[in-house]
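All remarks here apply to the structure that follows.
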Amino acid sequence: MFRITVLSILLFFSCTAKESDLMVVDIPNPSHLNSGEANLVENGSELILSWIAESDSLDILYSSRLVNNSFEKAIEIARDSNWFINWADFPGLAAFGDKLHLLGYWLQMRDSGTYDYDIHFSLSDDNGKSWSQSKVLHNDGVSAEHGFVSTAAVDNGIMLIWLDGRDMVKADSHDEGHSHGSGFMTLRSAVVTSEGEIIDRQQIDNRVCECCQTDIVNTECGPIAVYRNRSNHEVRDIYYARYYNDAWTDPKPLHVDNWQINGCPVNGPRIASYENIVVATWFTQSESEAKVQFKISTDCGKSFTDPQLVGKGEKIMGRIDVQLLEDHIFISHMQNDSMDAEIVISDYSIDGRLNTRQTIARNGLSRKSGFPRMAVWNENLFVSFRDLNTDRIKTLKVL
């Protein structure tokens, strides 16, 4: 729980971190060889890890609950031989309702095209012991790209947002499936109830970047979503929209970076909240300089502070995440250390002052290492990622 006595946000930023004081503990988990696309979710009483294991021709989505500082035996959620597996667009879990309700989601191929896949989801009402028959989240029936899912628990279920390619027309060329086609990628939302009913389908934005992660959190004022937009002039900055009075507000830029790039940079934004506090972080390479920045809001995202710099320079890879714990903001990013990649965590006070910055792990530089994901549970910070040294999931507790 937050212990905040001052809610005014200072615009001062210190680039000098204190001496490292984060302790990192390796937490065992039951992931198999050839496992990746790790994710973490907390349901109030437990922390749950999810990941995909590739076995021969099968892809299997697993979960495992943290008990007594180690993860229990893996539980299978779903399996098939025709999933879309991608280093940046990966499955996950969401907890909602009475906290025993879980929603698992994954991407399943629909057609022969490289990007023709659907979002499938399954529900559990017994904390993951058993799972329902899967359903397709979207209702367009179009063979196109649907992915980059994010979730947030709301009063009537779980809200999901995703990139939806139903308006994209296939390219009339001999590209052997390497093109997304023409037309525009959209950002859409829906709510899945505990009974599995899909309600409140809405479009958030009619033109967005085709393959950057999305994110969404709930606040005491309602959900807020962040994503990478795409302008008519190929400016791909981070935008946000708030869900208010049963509808999405008009999207606004989180910050005007003016990053013009004729292609998708893959690096999407991340957002965290507690009550009316919102922290959003993002990667940009405007003016040919890679940066990770963040902004803070104390009014549910109605307004934000000026951007504050986490890191910049040619070493910055992005692949970010953010979590709030007590009066701390934790932001993770990856950076190139010549021979390998560093996973770096920066600890900020709630007023934006840097407390400490520390490399908590090293990994390979390839895409296969994926995107580290963090979660807060039981007053500790947890990190999960695919460790290329063992080809299994690594889970760490940061104290």
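The values are calculated or read from the model by the stated rules, or taken from the named source; none is laboratory data. The structure displayed is predicted, hence computed values, not measured ones. With ideal geometry, Cβ positions are generated from the backbone for all residues, glycine too; neighbour counts draw on all protein chains shown. Accessible surface is based on the protein model in full, side chains and every heavy atom, while ligands, DNA and RNA are left aside. Shrake-Rupley method; radii C 1.70, N 1.55, O 1.52, S 1.80 Å.
Among 275-285, 356-366, 225-235, how do they line up from the highest to the lowest mean number of other beta-carbon atoms within 10 Å?
Working: 275-285: 23.3, 356-366: 16.2, 225-235: 18.6.
Answer by packing, highest mean first, reads 275-285, 225-235, 356-366.
Return the Rg/Rh value of segment 241-331, two decimal places, where both radii are evaluated on C-alpha atoms and Rh is the Kirkwood radius.
Details: Rg = 13.9 Å, Rh = 14.2 Å.
When Rh is taken as the Kirkwood radius, the ratio is 0.98.
Per residue and in cubic angstrom, what volume does the convex hull of the Cα atoms of segment 282-399 have?
114
Enter the accessible area per residue of segment 149-288 (Å², integer; probe 1.4 Å; all protein chains in place).
Numbers: 5970 Å² over 140 residues.
So segment 149-288 comes to 43 Å² accessible per residue, rounded to a whole number.
Taking just the alpha-carbon atoms of segment 163-316, what radius of gyration and Dmax come out, in angstrom?
Calculated on Cα positions, Rg and Dmax stand at 16.5, 51 Å.
What percent does the relative contact order of the chain come to when contacts are Cα pairs within less than 8 Å and at least six residues apart?
The normalised contact order for the chain reaches 16 percent.
Could you pull out every residue, at least 5 positions away or on a different chain, whose amide H is within less than 5 Å of the one on Y240? Hs are placed 1.01 Å off N in the peptide plane, and Pro or chain starts have none.
K252, L254
Can you tell me the relative contact order of segment 239-287? Whole percent, Cα pairs under 8 Å, sequence separation 6 or more.
The value is 28 percent.
Going by a ≥ b ≥ c, the root eigenvalues of the Cα gyration tensor, does segment 221-275 fall in the rounded group (a/c under 1.5), the prolate group (a/b larger than b/c) or the oblate group?
prolate
Shape call for segment 334-391 from the C-alpha gyration tensor, a ≥ b ≥ c root eigenvalues: rounded (a/c under 1.5), prolate (a/b greater than b/c) or oblate?
On the way: a/c = 2.94, a/b = 1.57, b/c = 1.87.
Judged from the Cα gyration tensor, segment 334-391 comes out oblate (a/c at least 1.5, b/c at or above a/b).
Determine the sum of side-chain charges near C221: Lys and Arg each +1, Asp and Glu each -1, restricted to other residues whose C-beta is under 12 angstrom from that of C221.
-1
Find the percent of Cα-Cα distances in segment 84-236 that exceed 28 Å, and round it to a whole number.
19
So what are the three principal axis dimensions of the chain from its Cα atoms, in whole Å, longest to shortest?
Principal axes ranked by extent give 53, 51, 48 Å for the Cα atoms.
At a 1.4 Å probe radius, which order do S81, S288, S134 fall into by accessible area, largest first?
Ranking S81, S288, S134 by accessible area, largest first, yields S288, S81, S134.
Shape verdict for segment 87-160, please, from the Cα gyration tensor: rounded (a/c under 1.5), prolate (a/b greater than b/c) or oblate.
Working: a/c = 2.18, a/b = 1.99, b/c = 1.10.
Cα axes put segment 87-160 in the prolate bin.
Which order do M339, M374, M109 take by accessible area at a 1.4 Å probe, largest first?
Order by accessible area, largest first: M339, M109, M374.
When every alpha-carbon pair in segment 18-100 is counted, what percent end up more than 18 Å apart?
Summing the P(r) of segment 18-100 above 18 Å gives 48 percent of all pairs.
Over what distance in Å are the Cα centres of segment 66-83 and segment 272-338 separated?
Segment 66-83 and segment 272-338 have Cα centres separated by 30 Å.
Local charge sum around V376 (other residues, Cβ-Cβ under 14 Å, Lys/Arg +1, Asp/Glu -1)?
Summing Lys/Arg as +1 and Asp/Glu as -1 gives -4.
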